[in-house]
Amino acid sequence: MLSFLFASLLLPAFSYATPVDFSSNLTCRTFKLQARRPDVKRYAGLDPSETVVGGLHLQNRGDLSYYVNITVGGQEFSVILDTGSPDLVLNTHGRGVQILNQTGIVANESYGSGDVQGYENFAKLQLGGFEIQSQAFVDISGAQLGTLDIGDGILGMTFNDGLIYENFTSLYGAAAAESLGRNTITNIWAQNPSVPPFFDLLLSRGDPILGANDGLFMIGQHAPGYDSVGTAKKLPLVTPGHWNVALDGATINGVPFTFNASSVPRAPPNTTIATLDSGTSLADVPAAFAEAIYGSMPGAFLREFGGNTLWQVPCNASANVTLTFGGQDFNVHPLDIVLVQTESITLPGENITLDTTTCVGGFAPLAGRLSTFKEFDLLLGDTFLRSVYTSHNYGDDYDRTNSTRSSPYVQMLSLLPDRDAAWAEWASVRARTHMALPPAVPPAVIQEIASAADATSSSTSPNASDNSVSGALSADASDSDSKKPSDGFAKKYGGLAVGLLGANLALGVALLALVLVMCVRGVKGRSVGGPRYTPVRLQDAQPAGGRRDDGGEEFAETAHLKYGE
């Protein structure tokens, strides 16, 4: 299911330079992530020129989406790899694609970000070393998905239950659908009997300063060094059609979080159903779960971004979030709990516009059209998937002659079982980021400026209705002479630019010093435990019960989530 964080939100903060090998730029080698299994190592991504036998590169574009190259009708396309949808959708406008058959059948594809309409056509397709002589796809010919341009298109990676397959079934019968309406990956299984019916994903994590290497997409074999995923716990799909599996539970800073009863009819008792979706930038979770992560961070508040509701949080904070599947814990990297962005903020009533750095939560409250889907309770997108190696298996009993009969399952490996090493990497990356990007603005300041902007706007323009903070918090410059700030506001924010610059420099120096101290202690063989991070992240609370999805408390007063000491 394709669902983006608005591109304008994070792309400016992730303007990558030429991709480089992260492993050669670690501040302290002592803190490389260690493996739980001998063949699992920290994944720094592939250099664009690097090759892996049987593997395809996944281009990481700003940690927002991951693209793979395919050739359709003699033309190359860079498409979003989406484990949340079934069909291949292409924008062929002006591309000169050699169409084999135009059916005239209309398909209205629905995604988390909106809908798109096109015709079902056929063309020859190549994906890596695999070739399909006639692949059905939805030709949108220049349309957009909601308010977002989907670029070249989307490669759906779920099952044969999409519109193409359904349309062929209803019009021509099940046999015709199996022959003509299969999606890309099941066509590969049907035409290559010797290829095991599974694919693996290994998503890279970008660095706002150093750049982003490529991820890895494997078909029918595991990536070198990750073979043990084949012996990992098999997580069966709860309902057909999506890669949705049962979540046993979660902890936030050591405190168990109790979800409400699942809304999915076939959910096992005491579980929550999570869909693994590489086409979604963030993790969309119940509002109470997101609040449990971010609500106690200083100044944190919910903020609207063009229809998306996200937590605005301090950039020097993150949290320990662990999700449990099949009895195994999977830690989420602190870099993906809090995401960095840049935006321009104009002081209300002032002719001063500042380029600033702000931060938002990578786990968003489930809302809007996503909250209407009944196949899952939460949607785990790229902010979770970057912390795991995931193998999607169509079933040990997969029938290549009838793709609807199988028992699919998922297997996962944790990429960061060593939480201390992940925090060391967080400190190193954040230090580089804050030294290089514009000054960081605390969320409390953003909220106060937004309130002042609303007050200024309402007092000077009774019909004003734009309360957006992003990029335009102030009145037009042409009206600045008639909109004089009060003396109190001018005194409070007149020196904001200088103050932010000084605060940003101090934060960067502090984080850099923290990394150096940790490196020295690590070289000396000392432990690098959690307490050293307490000035810059949420401290683990001692579990004394849990937190409920409905916002209620199930633990003692002394076990609440808190910031620092």
Per-residue ³J(HN,Hα) for region 247-261, Karplus 6.51 cos²θ - 1.76 cosθ + 1.60, θ = phi - 60°, Hz, x for Gly and Pro:
8, 5, x, 8, 10, 10, 6, x, 9, x, 10, 9, 6, 5, 4
How high is the FRET efficiency between Gln117 and Asp399 when r is their beta carbon distance and R₀ equals 35 Å, given to the nearest 0.05?
0.60
For the full complex of protein chains and a 1.4 angstrom probe, list Glu50, Glu76 by accessible area with the highest value first.
Glu76, Glu50
Are there trypsin sites (Lys or Arg not before Pro) in region 343-405 that DSSP puts in a loop and that have at most 16 other Cβ atoms within 10 Å, and which ones?
Lys374, Arg400, Arg405
Order of exposure, largest accessible area first, which applies to Asp284, Asp152 with probe 1.4 Å:
Asp152, Asp284
Asp377 accessible area, 1.4 Å probe, all protein chains in place, Å² to nearest 10:
20
Counting only protein heavy atoms and leaving out ligands, DNA and RNA, the solvent-accessible surface of Trp311 at a 1.4 Å probe, in Å² to the nearest 10, equals 20
Set of region 81-102 residues, backbone N closer than 13 Å to the point 7 Å along the Cα-Cβ line of Glu166:
86-87
Karplus (6.51, -1.76, 1.60) ³J(HN,Hα), θ = phi - 60°, over region 179-189, in Hz, Gly and Pro reported as x
7, 10, x, 4, 7, 4, 5, 6, 5, 4, 4
Calculated FRET efficiency, Ser451 and Ser344, Cβ-Cβ r, R0 25 Å, to nearest 0.05?
0.85
Ignoring ligands, DNA and RNA, how do Tyr119, Tyr394 rank by accessible area with a 1.4 Å probe, largest first?
Tyr119, Tyr394
Phi-derived 3J(HN,Hα) across region 325-332 with the Karplus relation (6.51, -1.76, 1.60, θ = phi - 60°), rounded Hz, x for Gly and Pro, is 10, x, x, 10, 7, 10, 6, 9
Counting only residues 5 or more places away or on other chains, whose amide H sits under 5 Å from the amide H of Gly395 once H atoms are built in the peptide plane?
Tyr409
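The values are calculated or read from the model by the stated rules, or taken from the named source; none is laboratory data. Remember, predicted model here, so these are calculated numbers, not experimental data. Don't worry about glycine lacking a Cβ; one is built from the backbone with ideal geometry, like all the others, and counts go over all protein chains shown. Accessible surface areas use protein heavy atoms only, side chains included; no ligands, DNA or RNA. Shrake-Rupley method; radii C 1.70, N 1.55, O 1.52, S 1.80 Å.
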